[in-house]
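Peer 1: Take this structure first; my questions come after.
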Amino acid sequence: MNDPTVIQPDLNPLVDVASLPRVEEDCLTPLPRAYAKARILVYGLSFVVTGVAWVAPCLWLLMQEGEQGPPAALWWTLGGAWTGVMVLWGLEEHMGWPMRGFLVRERDVVYRSGWWTTQVVAVPFSRIQHSEIQQGPLGKLLGFCSLKLFTAGASGANLNIPGLPPETARNIRQLLEANQGV
Amino acid sequence: MFERPQRQHALGLLILIGWQAQSLVRSTWPVFVAFYFQGDRDARFFIWAISVGCILTFMGAVLHFARFTFHLEADQLHVRKGVLVRDKVNIPLDRIQAVHVEQNLLQRLFKVCGLKIDTAGSAGSELTIHALPWDDAHALRGRLLQSIQDEEVESSEAQQASDTSEPNLVVRLDTPTLLKVGLSQNHLSKIGFAIGGLLTFQGIAWEVVSELWQRVPSLYRTVLLFLSPLILVLSPVVIAAVSVLISVATSVVKHWKLRVWVEADEDPAKRALHLTQGLLNRQSMQVPLHKVQWVMWENTWIRRQFGFDTLHIRQASAGGGGPTVGGLKLTIPAVDGGPTREFEGLMFPSWPERDLVTLRPMPYAFWMRWFKRVLLWAPLALAAGIALGWPAGMVALGGCTAWTGFWARAWHRGTWATTDGRHVSVHRGWLFRKRVMVDWTKLQAIQFTQNRIQARRGVAHLTFHTASGVAVLPYLSTSVALQIRDLASAQVNSHHGAWM
């Protein structure tokens, strides 16, 4: 029996798979450095806030109960969990940054993200119902915005491309409007 | 007809009062409970609260009824509604995905029915008209879906007695099949519900039984005491039997006289699937065939014994996500081989466009699933080892490993897909089997997912998002996943016809 995991070329004679337009992941446009700064800022803030959130009660307990202090297991558990989460998050941010990128083709837009779990989502222009450019206070400060592309229904097919320069987002939107009838 | 703004049938007011009262009670019941437990001294507050609630309900319903008007103009349905916040909704007719007509007992008494309109823009049905004369509702539905002309609308009598007049009848449930549908429902939830109810009300039940016991003559008491072990043994059987009876009764009431037929038209864009069913609450549903986005056949072990599936057909809906979420739903029970082929032909006319290619998850999927399941069950073995000693722990671990291995193998064998290069049909499950079918030309997005370990092992998942659900191809080899992604992407980008 043929290996079912491989497409048999003789079973599909009319489609030349090799000639299909490919998603060239090497050609992805990276996101601007301003967005990387924002992500580092969010990570740093979370690091400090969550760190204080678990260290402060333990220190308070230490002061209340004198030398005995809170049990060592509490320190180890909380500290271990916090360190683990922060290391993994930091690793994901550091390694995941080069993975982030978008590709605008003639008929669709592709966005790739994630280091541990990489996701590549392609949304055809003809399926986009409406789009939204969103810019928060951090985005205004550092000069980036998010482009949200909404498709019909809500089965998770909406695409959010964060960290785009506003000019690029507007250009993509214009291209989208021009190509919607294609 | 419908060109000038018009209100609902006057009975709509009555239904609105009921609807408003229901929503008022739902949002304020804790207040009523609190008032009730205030005791006799404060009973007048309770009466006041009820009176104010009634007046508010009545006024709200009257204002809602007076403000709600609708009419058709320039291929759009215009609706004005709202009391405090006034809404003016314009729905382009080509954006309407499904229109369902429903008639409950009260509505049947006055020969009116409700109309629900679904677009892809809201989580539930976009718009509900509570009361319209039956013929008007069907005429409006015909205009909304642009599929049937006013003069061709069947009268209510013809609808009720329609045994042979429907064109292209695909499914008709006879009484034995209806009973089989009832017998193949999920009884476990009902048994759980019955046991939960018994546990909750055991105090009251015990009192009632004690009281009845006092009234039973002594001779019968002796007989009953003698038979008590038998009663104890039989009680689970009785609970199960009652649960099955409830399932059968609810199925019969829901699917009574179920008929599914196709409105034939030379123009493929005007072909529509119709469904009528219901004994107490009559439903008449209509979905244009070209608007169908996602189709799922599912069965359980019992349904497989009867040789039929349940078919779920979904048009674009903001609820998305399959059978349990949002929008108007078209569900057809007892679909066996013949109708399945017929539905495939209706909703996917070009399937199979070419020879089918089978796609199966890589063997890695089996090992990974087994490993994950063993990890999940290992704490049980550990607990057994701690409580009963290490031999018991080892036996439990062995049992868990064997069971999860069997389970993973069954899952792996039951997961596969076929594609003809334009459609994909995904099979999943072991005890509960599902088959999801989508047309790639109607896709909304294509998602390729792979974690670091999977990247090393050369496997990836593909998710096809439609406007009403997803089809997932798990654990494909990376090269096949990329080929399929590019093929699906090419199909959707080269498609220029109507898709929603």
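Peer 1: Among the residues of segment B:461-483, count how many are under 18 Å from B:Trp416 (Cβ atoms), in contact (Cβ under 8 Å) with a residue 24 or more places away in the chain and facing another protein chain (nearest Cβ under 8 Å).
Peer 2: Qualifying residue count for the region: 4.
Peer 1: Okay, next question. I'd like the full set of residues that are crowded, with 21+ Cβ neighbours inside 10 Å and under 17 Å from B:Val287 (Cβ atoms), limited to segment B:99-115.
Peer 2: Scanning segment B:99-115 gives B:Val99, B:His100, B:Val101, B:Leu115.
Peer 1: Cβ-Cβ under 7 Å, sequence separation 6+ or interchain: first residue in segment B:164-178 and at pLDDT below 85, partner part of a loop (DSSP other than H, G, I, E, B) and surrounded by fewer than 11 Cβ atoms within 10 Å (Cβ to Cβ). Which pairs?
Peer 2: B:Pro167/B:Ala264; B:Asn168/B:Ala264
Peer 1: Still on this structure, please answer the following. Assess whether A:Ile128 counts as being within 14 Å of another protein chain (Cβ to nearest Cβ), over 17 Å from the mean Cα position of the chain (by Cα) and of a type in the set (A, V, I, L, M, F, W, C). Walk me through how you get there before you give the answer.
Peer 2: Numbers: within 14 Å of another protein chain (Cβ to nearest Cβ): yes; over 17 Å from the mean Cα position of the chain (by Cα): yes; of a type in the set (A, V, I, L, M, F, W, C): yes.
Yes: the conditions hold for A:Ile128.
Peer 1: Let me ask another. Considering each of B:Val112, B:Val31 in turn, give the residue that is modelled with pLDDT under 85 and at negative phi. Steps first, please.
Peer 2: Numbers: B:Val112 fails: modelled with pLDDT under 85.
Every option except B:Val31 fails the conditions.
Peer 1: Shifting gears a bit: Restricting attention to segment B:354-365, does a residue exist that is under 30 Å from B:Leu258 (Cβ atoms), within 14 Å of another protein chain (Cβ to nearest Cβ) and under 30 Å from the mean Cα position of the chain (by Cα)?
Peer 2: Keep residues of segment B:354-365 that are under 30 Å from B:Leu258 (Cβ atoms), which gives none.
The answer is no; no qualifying residue exists.
Peer 1: Can you give me the number of residues within segment B:426-481 that are in a strand (DSSP E or B), farther than 23 Å from B:Tyr364 by Cβ and among the basic types (Lys, Arg)?
Peer 2: Of all residues in segment B:426-481, those in a strand (DSSP E or B) come to B:426-428, B:433-439, B:445-451, B:459-465, B:470-477.
Filter again for farther than 23 Å from B:Tyr364 by Cβ, leaving B:435, B:437-439, B:445, B:465.
Restricting the remaining residues to those that are among the basic types (Lys, Arg) gives B:435.
Within segment B:426-481, residues that are in a strand (DSSP E or B), farther than 23 Å from B:Tyr364 by Cβ and among the basic types (Lys, Arg) number 1.
Peer 1: Answer with yes or no whether B:Lys291 is under 28 Å from B:Ala498 (Cβ atoms) and in contact (Cβ under 8 Å) with a residue 40 or more places away in the chain.
Peer 2: Considered against the rule, which asks whether it is under 28 Å from B:Ala498 (Cβ atoms) and in contact (Cβ under 8 Å) with a residue 40 or more places away in the chain, B:Lys291 comes out as yes.
Peer 1: Would you check if B:Thr300 is closer than 30 Å to B:Ser425 by Cα, touching a Pro at 6+ places or on another chain (Cβ under 6 Å) and β-branched (Val, Ile, Thr)? Spell out the reasoning first.
Peer 2: On the way: closer than 30 Å to B:Ser425 by Cα: yes; touching a Pro at 6+ places or on another chain (Cβ under 6 Å): no; β-branched (Val, Ile, Thr): yes.
Criteria not met by B:Thr300.
Peer 1: Looking at B:Ala378, B:Ala396, which one is within 28 Å of B:Gln450 (Cα to Cα), more than 14 Å from chain A (Cβ to nearest Cβ), surrounded by 13 or more Cβ atoms within 10 Å (Cβ to Cβ) and not β-branched (Val, Ile, Thr)? Talk me through it step by step, then tell me what you get.
Peer 2: Numbers: B:Ala396 fails: within 28 Å of B:Gln450 (Cα to Cα).
Sole residue among the options that is within 28 Å of B:Gln450 (Cα to Cα), more than 14 Å from chain A (Cβ to nearest Cβ), surrounded by 13 or more Cβ atoms within 10 Å (Cβ to Cβ) and not β-branched (Val, Ile, Thr): B:Ala378.
Peer 1: Return a yes/no flag: does segment B:225-241 have any residue that is over 25 Å from B:Ala137 (Cβ atoms) and crowded, with 19+ Cβ neighbours inside 10 Å.
Peer 2: In the first step, residues of segment B:225-241 are kept if they are over 25 Å from B:Ala137 (Cβ atoms); the result is B:225-241.
The next check asks that each one be crowded, with 19+ Cβ neighbours inside 10 Å; those that pass are none.
No.
Peer 1: Return the total of residues in segment B:488-499 being within 9 Å of chain A (Cβ to nearest Cβ), among the hydrophobic types (A, V, I, L, M, F, W, C) and surrounded by fewer than 21 Cβ atoms within 10 Å (Cβ to Cβ).
Peer 2: Number of matching residues: 2.
Peer 1: Taking the conditions exactly as written (over 23 Å from B:Trp134 (Cβ atoms) and at pLDDT 85 or above), does B:Lys257 satisfy them or not?
Peer 2: Values: over 23 Å from B:Trp134 (Cβ atoms): no; at pLDDT 85 or above: yes.
It is false that B:Lys257 is over 23 Å from B:Trp134 (Cβ atoms) and at pLDDT 85 or above.
Peer 1: If B:Trp390 meets every condition in (1) away from chain A (no Cβ under 14 Å); (2) out of contact with any helix residue (DSSP H, G or I) (no Cβ under 8 Å at 6 or more places or on another chain); (3) closer than 30 Å to B:Glu263 by Cα apart from one, which number is that one?
Peer 2: Of everything listed in (1) away from chain A (no Cβ under 14 Å); (2) out of contact with any helix residue (DSSP H, G or I) (no Cβ under 8 Å at 6 or more places or on another chain); (3) closer than 30 Å to B:Glu263 by Cα, B:Trp390 misses just condition (3).
Peer 1: To continue, here is another question. Please go through (1) closer than 25 Å to B:Ala408 by Cα; (2) out of contact with any Pro (no Cβ under 9 Å at 6 or more places or on another chain); (3) in contact (Cβ under 8 Å) with a residue 24 or more places away in the chain for B:Thr340 and return the number of the only condition it doesn't satisfy.
Peer 2: Here B:Thr340 meets the rest and fails (1).
Peer 1: Which is aliphatic (A, V, I, L, M), over 21 Å from B:Trp256 (Cβ atoms) and more than 14 Å from chain A (Cβ to nearest Cβ), of B:Leu289, B:Leu273? Outline the logic, then answer.
Peer 2: Numbers: B:Leu273 fails: over 21 Å from B:Trp256 (Cβ atoms).
Selected residue: B:Leu289, the only one of B:Leu289, B:Leu273 that is aliphatic (A, V, I, L, M), over 21 Å from B:Trp256 (Cβ atoms) and more than 14 Å from chain A (Cβ to nearest Cβ).
Peer 1: Among the numbered conditions (1) surrounded by 15 or more Cβ atoms within 10 Å (Cβ to Cβ); (2) under 21 Å from the mean Cα position of the chain (by Cα); (3) at pLDDT below 85, tell me where B:Ala123 comes up short.
Peer 2: All conditions pass for B:Ala123, except number (1).
Peer 1: Considering (1) in a helix (DSSP H, G or I); (2) exposed (fewer than 13 other Cβ atoms within 10 Å of the Cβ), say which one B:Ser350 fails and leave the rest.
Peer 2: (1) is the only condition that B:Ser350 fails.
Peer 1: Return the total of residues in segment A:88-118 being within 11 Å of chain B (Cβ to nearest Cβ), within 17 Å of A:Pro30 (Cβ to Cβ) and surrounded by fewer than 16 Cβ atoms within 10 Å (Cβ to Cβ).
Peer 2: 1
Rundown of residues vs (1) closer than 23 Å to B:Pro288 by Cα; (2) in contact with a Cys (Cβ under 6 Å, 6 or more places away or on another chain); (3) free of Cβ contacts under 8 Å to residues at least 12 places away in the same chain; (4) among the β-branched types (Val, Ile, Thr), yes/no style:
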site	(1), (2), (3), (4)
B:Thr69	no, no, no, yes
B:Val79	yes, no, no, yes
B:Asp87	no, no, yes, no
B:Asp94	yes, no, no, no
B:Gln97	yes, no, no, no
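The values are calculated or read from the model by the stated rules, or taken from the named source; none is laboratory data. The structure displayed is predicted, hence computed values, not measured ones. Backbone-built Cβ (ideal geometry, glycine too); neighbour counts: all protein chains shown.
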